[in-house]
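Just so it is clear, none of the values below were taken in a lab; they were calculated from the coordinates. If you're wondering where the values come from, they're calculated on a predicted model, not measured in any experiment. Here the Cβ is made from the backbone with ideal geometry for all residues, glycine too, and neighbour counts use every protein chain on show.
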Amino acid sequence: MRTSWKAAVLVSVCVLGSGCNTTGTPSTAATEDMPSTRLATPTANPELAAAHEINGIPILEQGPELPTGCEATSLTMLLQSQGVHVDKTAVVERLPILAQPEYVEDEVLVGDDPNRGFLGDPYSEDGFGVFHKPIADLLNSFLPDHALDLSGSEFEELLRAVADDRPVVTWISMDLSEVSTAYVWTTSDGTEIEWKVPEHCVLLTGYDDTSVTVHDPFTGQVVQYDRSRFQTVWEAMGKQGVTVRAKYS
């Protein structure tokens, strides 16, 4: 998600939002009312194609309805590319919504787990965001047993998905700017969450030797980035990526 504070770390204790994701260790707790999600497993793969662009991917803009809804909007583009007729607000309405982090006595920051749902309000500029697992679970709610969570994989696995005409919901920083840690808190079950900014989420749709192509929900445009820089930032944001197991339609 892109929002107003993603250009800089907030110092106010009363406004914490405007983010999308983190790079904390994903929680093992799944959202109870959603199907299970398959994680990618290492396989013997053929040589990666030198370049590939996926044609016919819709381009959507998260605003004005979802100023911090980059994850849901990126997923909507992926779902539409698979023949699912759904809009971004219908997608975000299925996403579990949790309270955003807040300071308590002694200025201790407490919060919930973005591995379980969206922190804050995606309809607000102060929303935080969500990690890969709820997005993969949400994908499964539209295409049962069809999500493939590539998080933690090598970057080449994302490119292999694209080469197979499968776009990848990918967590990066805004404009590939430098990544820094804005907040750290511990959830009620003891999970430490590290929130990095300026977090953003896009749909990866193409690559060649030197560049990658993304559908950017913040601008509503197709954008090209330096491939090496994109990989570096993707790794700094926790190596998060979600796609489909095979073209669904």
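Checking each residue in the stretch 60-80 for being part of a helix (DSSP H, G or I) and over 14 Å from residue 126 (Cα atoms) picks out 71, 72, 73, 74, 75, 76, 77, 78, 79, 80.
Evaluating residue 165 against the criteria (1) surrounded by fewer than 21 Cβ atoms within 10 Å (Cβ to Cβ); (2) within 30 Å of residue 64 (Cβ to Cβ); (3) acidic (Asp, Glu) leaves one unmet condition, (2). A count restricted to the stretch 122-136 and to residues that are in a helix (DSSP H, G or I), of a type in the set (A, V, I, L, M) and under 8 Å from the mean Cα position of the chain (by Cα) stands at 1. Within the stretch 83-121, being acidic (Asp, Glu) and under 16 Å from the mean Cα position of the chain (by Cα) holds for 113, 121.
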